[in-house]
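Student: Can you read through this structure? Questions will come right after.
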């Protein structure tokens, strides 16, 4: 079982992680054999690059902990690969109401259930949302949630704590009390949702030595260039209910996609051709080397339910952009406003 320091060192070696939510949190889960091929490819590519794979999973990503069951059954099939993966699991949320359950006993129950479903210990566990309803007077965050997670570390069920959807104030307060257990912070970052670059979250992570794990790095598919209208989104997909993908909002948001297509992708030489998805992932990773965050580390966690998509998203030679492209994109983003907030419903 790795220590927190070892986990952080491993995260420091990573460039791209794997978000597994979309494998199971949909009307028809990805068939196991297809999902397993994709997971296998992610771990194989990580091995080839000399580091562990990062698998981001959730207790509530589909009914009956199906996301974790996929992981358990995958490693039952390929037990030799488990040592080559770091698992970060979200939990402590009511799967029916999607409301956080941060009480001590609920967090302990969530960890135990997740460990049982996944078939072994978990490197990192995070409460999916802080349960502010149980904060005592003066508490910035629910102290008892983290007391429970620390107890689970002492018991050997988890190795470290990751944070999810937190503010700068919350990160700093939690780090002050529980810094010895913290590994990383999972928050949304894409060109459509750059809030953490402006609200102090990325700054706090960099200063505290916490890796920023960036979910929805492809703007829920918009930055792949594959979504041009609602007709491109499968029936039953939750994106159908998001304002971002409707009418005038979508037309506005596609201006960014057109810019990337015409001003970045099209201007590359044949030898340096990259897909829009690769450029979008490269933009996130470039922040790790930016003057703004000299000690920062940003790891995008795209999904990818097919081997072809995994190969595209994890091609480290292609998911890079130049300093000039980075500057050009950021200058455009200063003039661009995303239509539809991150979870704004239509």
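Condition check ((1) more than 24 Å from residue 308 (Cα to Cα); (2) touching a helix residue (DSSP H, G or I) at 6+ places or on another chain (Cβ under 9 Å)) across all residues:
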residue	(1), (2)
7	yes, no
43	no, yes
46	no, yes
56	no, yes
60	yes, yes
69	no, yes
75	no, yes
78	no, yes
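Student: Looking at this structure, is residue 160 modelled with pLDDT of 95 or more, under 19 Å from residue 86 (Cβ atoms) and in contact with a helix residue (DSSP H, G or I) (Cβ under 8 Å, 6 or more places away or on another chain)? Steps first, answer last, please.
Tutor: Working: modelled with pLDDT of 95 or more: yes; under 19 Å from residue 86 (Cβ atoms): yes; in contact with a helix residue (DSSP H, G or I) (Cβ under 8 Å, 6 or more places away or on another chain): yes.
Yes, satisfied.
Student: Here's something else I'd like to know. Taking the range 186-208 on its own, how many of its residues are in contact with a helix residue (DSSP H, G or I) (Cβ under 9 Å, 6 or more places away or on another chain), in contact (Cβ under 8 Å) with a residue 60 or more places away in the chain and not in a helix (DSSP H, G or I)?
Tutor: 7
Student: Has the range 99-120 got at least one residue that is part of a loop (DSSP other than H, G, I, E, B), within 21 Å of the chain's Cα centre (by Cα), within 22 Å of residue 55 (Cα to Cα) and touching a residue at least 24 places away in the same chain (Cβ under 8 Å)?
Tutor: Checked against the condition, which is being part of a loop (DSSP other than H, G, I, E, B), within 21 Å of the chain's Cα centre (by Cα), within 22 Å of residue 55 (Cα to Cα) and touching a residue at least 24 places away in the same chain (Cβ under 8 Å), the range 99-120 yields no hits at all.
Student: Just give me the residues in the range 221-241 being touching a strand residue (DSSP E or B) at 6+ places or on another chain (Cβ under 7 Å) and buried (at least 21 other Cβ atoms within 10 Å of the Cβ), in sequence order. Give the steps one after another, and end with the answer.
Tutor: Keep residues of the range 221-241 that are touching a strand residue (DSSP E or B) at 6+ places or on another chain (Cβ under 7 Å), which gives 223, 241.
Listed by number, the list holds a single entry, 223.
Student: Scan the range 129-157 for residues that are in contact (Cβ under 8 Å) with a residue 60 or more places away in the chain and either in contact with a helix residue (DSSP H, G or I) (Cβ under 6 Å, 6 or more places away or on another chain) or assigned to a helix (DSSP H, G or I) (or both) and jot them down.
Tutor: Keep residues of the range 129-157 that are in contact (Cβ under 8 Å) with a residue 60 or more places away in the chain, which gives 156.
Correct list: empty.
Student: What pairs can you find where one residue is in the range 293-305 and on the phi > 0 side of the Ramachandran plot, the other is in a strand (DSSP E or B) and surrounded by 19 or more Cβ atoms within 10 Å (Cβ to Cβ), and their Cβ atoms are less than 8 Å apart, with a gap of 6+ or different chains?
Tutor: 304/18
Student: While we're on this one: Looking only at the range 89-114, how many residues end up being farther than 21 Å from residue 135 by Cα and in contact with a strand residue (DSSP E or B) (Cβ under 6 Å, 6 or more places away or on another chain)? I'd like the intermediate steps shown before the answer.
Tutor: Initial filter on the range 89-114 (farther than 21 Å from residue 135 by Cα): 89, 95-96, 112-114.
Next, only the ones that are in contact with a strand residue (DSSP E or B) (Cβ under 6 Å, 6 or more places away or on another chain) stay: 89, 114.
Residues in the range 89-114 being farther than 21 Å from residue 135 by Cα and in contact with a strand residue (DSSP E or B) (Cβ under 6 Å, 6 or more places away or on another chain): 2 in total.
Student: For the structure I just gave you, tell me whether residue 226 is part of a loop (DSSP other than H, G, I, E, B) and over 20 Å from the mean Cα position of the chain (by Cα).
Tutor: Details: part of a loop (DSSP other than H, G, I, E, B): yes; over 20 Å from the mean Cα position of the chain (by Cα): yes.
So residue 226 fits the description; yes.
Student: Within the range 42-63, is even one residue under 16 Å from residue 125 (Cβ atoms), assigned to a helix (DSSP H, G or I) and under 19 Å from the mean Cα position of the chain (by Cα)? Walk me through how you get there before you give the answer.
Tutor: Residues of the range 42-63 that are under 16 Å from residue 125 (Cβ atoms), as a first pass: 54-61.
Cutting the leftovers down to assigned to a helix (DSSP H, G or I) gives us none.
Within the range 42-63 (the criterion being under 16 Å from residue 125 (Cβ atoms), assigned to a helix (DSSP H, G or I) and under 19 Å from the mean Cα position of the chain (by Cα)), the answer is no, since none of the residues qualifies.
Student: Just to verify a result, which residue in the range 161-185, among those that are without any contact (Cβ under 8 Å) to a residue 60 or more places away in the chain, within 14 Å of the chain's Cα centre (by Cα) and surrounded by 21 or more Cβ atoms within 10 Å (Cβ to Cβ), is farthest from residue 202 (Cα to Cα)? Talk me through it step by step, then tell me what you get.
Tutor: Of the residues in the range 161-185, the ones without any contact (Cβ under 8 Å) to a residue 60 or more places away in the chain are 161, 163, 165-179, 185.
Subsequent filtering for residues that are within 14 Å of the chain's Cα centre (by Cα) retains 163, 165-166, 185.
Narrowing further to those that are surrounded by 21 or more Cβ atoms within 10 Å (Cβ to Cβ): 163, 166, 185.
Numbers: 163: 13, 166: 11, 185: 9 Å.
Only one residue tops the list, namely 163.
Student: Which of the numbered conditions does residue 299 fail, given that it passes all the others? Conditions: (1) modelled with pLDDT under 95; (2) surrounded by 14 or more Cβ atoms within 10 Å (Cβ to Cβ); (3) out of contact with any helix residue (DSSP H, G or I) (no Cβ under 6 Å at 6 or more places or on another chain); (4) not in a helix (DSSP H, G or I).
Tutor: Result: residue 299 passes all but (1).
Student: Any chance the range 209-220 includes a residue that's touching a strand residue (DSSP E or B) at 6+ places or on another chain (Cβ under 6 Å), over 24 Å from residue 334 (Cα atoms), in a helix (DSSP H, G or I) and at pLDDT below 95? Give the steps one after another, and end with the answer.
Tutor: Within the range 209-220, the subset touching a strand residue (DSSP E or B) at 6+ places or on another chain (Cβ under 6 Å) is 210-217, 219.
Adding the requirement that they be over 24 Å from residue 334 (Cα atoms) leaves 210-211.
When the remaining residues are screened for being in a helix (DSSP H, G or I), the result is none.
The answer is no, given that none of the residues of the range 209-220 is touching a strand residue (DSSP E or B) at 6+ places or on another chain (Cβ under 6 Å), over 24 Å from residue 334 (Cα atoms), in a helix (DSSP H, G or I) and at pLDDT below 95.
Student: Scan the range 9-41 for residues that are assigned to a helix (DSSP H, G or I) and farther than 12 Å from residue 311 by Cα and report the count.
Tutor: Step one: of the range 9-41, the residues assigned to a helix (DSSP H, G or I) are 9-13, 21-24, 32-41.
Subsequent filtering for residues that are farther than 12 Å from residue 311 by Cα retains 9-13, 21-24, 32-36.
Residues that pass the stated criteria total 14.
Student: Can you spot a residue in the range 9-23 that is out of contact with any helix residue (DSSP H, G or I) (no Cβ under 7 Å at 6 or more places or on another chain), modelled with pLDDT of 95 or more and over 18 Å from residue 123 (Cβ atoms)?
Tutor: no
Student: Sort through 1, 21 and tell me the only one that's surrounded by fewer than 16 Cβ atoms within 10 Å (Cβ to Cβ) and in contact with a strand residue (DSSP E or B) (Cβ under 7 Å, 6 or more places away or on another chain). Steps first, answer last, please.
Tutor: Details: 21 fails: surrounded by fewer than 16 Cβ atoms within 10 Å (Cβ to Cβ).
It is 1.
Student: So which residues in the range 276-296 are surrounded by 18 or more Cβ atoms within 10 Å (Cβ to Cβ) and assigned to a loop (DSSP other than H, G, I, E, B)?
Tutor: Residues satisfying the conditions are 293, 296.
The values are calculated or read from the model by the stated rules, or taken from the named source; none is laboratory data. Predicted, not measured: the structure shown is a model, and the values here were computed from it. Note that we place each Cβ from the backbone using ideal geometry, even for glycine, and neighbour counts take in every protein chain shown.
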